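See below for the structure under consideration.
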Amino acid sequence: PNVLMTEDLNEDSEKELLDDLAVEYTRLFFGPGNHVAPYATVYLGGEGASLWGPETIWVKKFIEDSGFDYKADYQDLPDHVAVELEFMQEITANEAAALERKDWEQAEKLQRIEEEFVTTHMVKWVPKFCRQVQDRAAFPFYGVIASLTENFLLSEAAMLGATRNSSPK
């Protein structure tokens, strides 16, 4: 089911809405003009940072060192917000599967990977990115998604930090 549909949305208005969202997406993330860059290096690389900077390389290495690979046809940068969120989805899905089969050691390893990635990397840039999307979005859809993402990430970081702080030394 399409989450954008309402009871009074007909096929023509649905197509128009999807077209409007596609135009908004392009305006927000590609430009022209003042767009919101979805790459960590833009937020963490300092003044004049370029793509494929140290942060991009760090993310690529972190993901690969965690035992994950990129799809063969993936052409964008490793520090794209969508890649980082997909990585977190994979980590948490694998952690849930490990817990289900009672593989406590693997689950703990995956939680440590998640904790490090969220608390030392994502929390330092994704909230800023999300606030920019919220500030610049003309349609409520992208602002709401950005707000949900920001709130989830901050709550996850707080929970992981609380877990770390309550763990026995």
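Side notes on the structure shown:
- When we screen Thr149, Thr119 for residues that are open to solvent by 30 Å² or more (accessible area, probe 1.4 Å), more than 17 Å from Val36 (Cα to Cα), in a helix (DSSP H, G or I) and of a type in the set (S, T, N, Q), the only hit is Thr119.
- Only one of the listed residues (Arg136, Arg101) is surrounded by 15 or more Cβ atoms within 10 Å (Cβ to Cβ) and among the basic types (Lys, Arg). That residue is Arg136.
- Selection of the range 142-169 for residues being at pLDDT below 95, of a type in the set (Gly, Ala, Ser) and under 24 Å from Leu18 (Cα atoms) yields only Gly143.
- Those helices (runs of 4 or more DSSP H) of the range 1-110 in which at least 3 residues are modelled with pLDDT of 90 or more and under 19 Å from Val123 (Cα atoms), considering only elements entirely within it, cover 40-44, 54-65, 81-100.
- Within the range 38-82, tally of residues that are closer than 23 Å to Ala137 by Cα and open to solvent by less than 20 Å² (accessible area, probe 1.4 Å): 5
- Within the range 133-150, no residue that is basic (Lys, Arg) sits with its Cβ atom under 8 Å from a residue that is modelled with pLDDT of 95 or more at 6+ positions apart or across chains.
The values are calculated or read from the model by the stated rules, or taken from the named source; none is laboratory data. Predicted, not measured: the structure shown is a model, and the values here were computed from it. Note: ideal-geometry Cβ built from the backbone for every residue, glycine included; neighbour counts use all protein chains shown. Ligands, DNA and RNA are excluded from the accessible area calculation, which covers all protein heavy atoms including side chains. Shrake-Rupley method; radii C 1.70, N 1.55, O 1.52, S 1.80 Å.
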